Structure formats: C-alpha cells, structure tokens
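Heads up, the thing below is written out as structure tokens.
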Amino acid sequence: MKWLCTIVVWLWSVSSAQATVLAGIDVLERQGFDILQGKRVGLLTNHTGRSCDGRSTIDILHGAPGVTLAALFSPEHGIRGEADEKLASGIDRRTGLKLHSLYGSSCTPTADMLRGIDVLVFDIQDIGTRFYTYIGTLSLAMQAARHAGIPFVVLDRPNPIGGDVVAGAIPVSQPAEGKNGCGALTSIHPIPTRHGMTVGELARLFNAEFGIGCSLTVIPMQGWRRDMPFASTGFSWINPSPNMKSATAALLYPGFGILETTSLSVGRGTERPFEMYGAPWLDAQAVIRNLVARHIPGIRFSACRFVPTAPGHSYRGTVCNGVCVTEVDPRRLDPVTAGLHLVQAIYQSHPARFRAYQGFATEVGDRDTWELLTRKGKRPAEVAGRWEQGLARFRAMRAGYLLY
C-alpha cells in the first residue's frame, strides 16, 4: 500500500507541474486555426507570444496548415523583447517575413503595412497596468484594422497580477500623441492604473466603450481564474520587457512604477528593477524609518545599494543608496497606495532633491497627486480615496466585458 501512495503523490506532482491554463494560441491550435483558414495573417506579437508548452506563436502560425503568415508587427522593445529604444522596421531574420515596428517612426499600423493582409492577430503578454505600453499598441492596432476594413483577433493571456482587483486613478484627459502617435501609449484610454482585465477583455471594452468598432474576435483562455497567481498558470515567466524581470516586479509596478518619472533610479539594468528605488543622495535609513512607522500591509522595506546600468536612465554607472521593496503577502498588499506612501516618505526626507517630471501625472492618472502628497501632506489613503467614485463606475462598466 505504501508504494501505491508513493505513485499517487508522484502522479499528482507531475500533473501539477504541467500547464493548468491554455492560452488563446493553444485554444486556436486545438480548433484547427479555423478562423484563419485561407487568410493572409498579420501577427502583432513579441517573444511572450508562446503556447503553454513554450512554442512561439510566430512558429505555430508560420507552420499552420491553411494559414499564410504574411507579416509581423512588434510593440515597444521589439519582436524579441530586448530593445529599450525606438526601432526601425525591417526583415525578421528567422522567418524572412516583413517586420513592422510599432515603436519607431509610427506606433500605428499604416495602410501600407496592412496592404495584402486579411486579418490582424494580437498575441502579447501584458502585465495589468495602464501605463505599460502594450495595451496602447493594442488599441491603435484595433483602430488601424477598422480603418483598413479587416478583422482583428486577440489571443488571450493571463493577467499576471490577477483579475480580481481594480485600483488607481482614471485619467480625465488624454496625453498628446506626439509626432508618431506614441505619446498616448501610457494612457490610451480612461481606465484605472490597475484594471484587473486580460488583453482580450480590454479589447472588448475598448472596442465598445471607446468608439473603435472594429470586427473583433477574442479567443479566450481555458482554465484561467481571476484570482489565479501567475505561478499557478503553468506558464514560465518570460520578461515581457528588459526591465520587467519577475512576477513580483509586475505586482509592484502599478504603484511603484510611477517613480520612474521622478529623480530616482528604479534599478533599470540591475537584477531587480522596479524592486529597488534610490539615488546617490538618498538617505535610505531615514526613508525606511518613515515607511516602517506607516505599517503598510503586505510589504517590507530594507536598505540596499545598487548600480543602474541601463543606457539613458538615471544615475547609470553610479552607486545609488536605495530602498528595496519586498512583497510578503500579495493578498494584503495594495501596491497603488503603497507606492504613494513611498513617494511621500522620500519627499519628506528630501524635499529639495526629490522631484517629479512631466510624465508623473500621466502615469498616476491624476495631475493633483504630487501636490497633494508633497506640499499639502495629504495621507495616501486620502489621495487614493478621491478615485473611488470613478472606480465604482469603471467596475460597473467592466463587468459586461469579462470572460472569466
């Protein structure tokens, strides 16, 4: 009997290690690529577009019977997710297909790019934060598909920080687009900082609520739950961008990512970007004493030193004194409010050195937040409380577009 119990435990451990969630590309493949049959496909993706067993969506569609993969489109960071600057279009070295960059001379697919394409397909891993640019690219691509008169298909993926929490400010006005339409990517539509939706659900909401009106099909996942931690999905973590290196960083990002628009380094180029915040002039111990006294649930702060190495970012190559952020209980952590606490604590220790840049208000989604936290000294909970009415309206609107 003992040997039977051993086998049962072993079988359970093997099955639990396998994928528990099928992504949209897996479901599409199981359906025989039916909606793409006989079509010339444009694929908007990057290295995160993968099946549950790790195969690239590019390779899957390139070899799919009855499907012609005609062109590739890449978002910020490129098709391989390695770049941290604007990219030119060219030829994909692996497939020989045309590769159109949507983070270069244009962030919207042009009529020339879409010529000869019958359907545009989107498969990219988002991280659940409004100002992460991939959902801005999603919206612009949907708009381009509508103008071109071609269908748009979203292959859905998990929201790695969950789909049951909605938090943060909802922008009142949209940022200027800029010369190439890229300026609006961090605030493409008035949705909360932490929207609690998958890319497929967002596409449905964008299409109906913000006037896009394209011919949209979403291929839902199978097996995903809104409260599911990313580690339980069966998918391996693939850095969706060069400095988003863990699911922990993704969870912190809706609240702490706003500090990349201040005079701090957020640890870009280190092993723990968006988990370390500092500057050569920072008195980490003073900031941590301030934070500890606030009793912020679900999180721990400690002093650290680091050297950011990412080109073009604050204090590159310089030793920074920093505050290291460690998530200890994701069920109790409210990263949006915790990020406001960190902003206020640093300002209270360094009012002359710590400042916000132009992008701060855009990322937060509320132009008054900096003033309220710093010069007026309002409590973070009070600042966040100003957003509750808007969040209530959004939750009601969002309900009609949820798939899981």
Which aspartates and glutamates does Lys376 reach when only Cα atoms under 13 Å apart count, and residues fewer than 8 places away in its own chain are ignored? Asp368
Student exercise, region 20-240 dipole from Lys, Arg, Asp, Glu Cβ charges, in Debye to nearest 20: 240
In whole Hz, what ³J(HN,Hα) sequence does region 198-212 give by Karplus (6.51, -1.76, 1.60; θ = phi - 60°), x for Gly and Pro? 7, 5, x, 5, 4, 4, 4, 5, 4, 5, 8, 8, 10, x, 6
Please list 3J(HN,Hα) in residue order for region 88-103, calculated via the Karplus relation 6.51 cos²θ - 1.76 cosθ + 1.60 where θ = phi - 60°; whole Hz, with x for glycine and proline. 8, 6, x, 10, 6, 5, 7, 9, x, 7, 4, 10, 9, 7, 9, 9
For the Cα atoms of the chain, what angle does the longest principal axis make with the long axis of helix 388-398, in degrees from 0 to 90, nearest 10? 10
Could you give each residue of region 135-152 its phi-based ³J(HN,Hα) in whole Hz, using Karplus coefficients 6.51, -1.76, 1.60 with θ = phi - 60°, and x for Gly or Pro? 6, x, 4, 4, 5, 5, 5, 5, 5, 5, 5, 4, 4, 7, x, 10, x, 10
Dipole-positive endmost among Ser236, Ala247, Ala286 within region 149-289 (Cβ charges, Cα centre): Ser236
For region 247-386, shape from the Cα gyration tensor axes a ≥ b ≥ c, cut at a/c of 1.5 then a/b versus b/c, turns out rounded
Eigenvalues of the alpha-carbon gyration tensor of the chain, times 5 and square-rooted, give semi-axes in Å, largest first, of 35, 26, 21
From the helices alone, meaning DSSP H stretches of at least four residues, give me the mean residue ellipticity at 222 nm for the chain, per-run term -39500 (n - 2.57), in deg cm²/dmol to the nearest 500. -8500 deg cm²/dmol
Which shape class applies to region 20-240: rounded if a/c is under 1.5, otherwise prolate when a/b exceeds b/c and oblate if not, where a ≥ b ≥ c are the square roots of the Cα gyration tensor eigenvalues? rounded
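Since every read-out is calculated from the coordinates, none of them should be taken as a lab result. Source: prediction; values computed, not measured. Please note: Cβ atoms are built from the backbone with ideal geometry, for glycine as well, and neighbour counts cover all protein chains shown.
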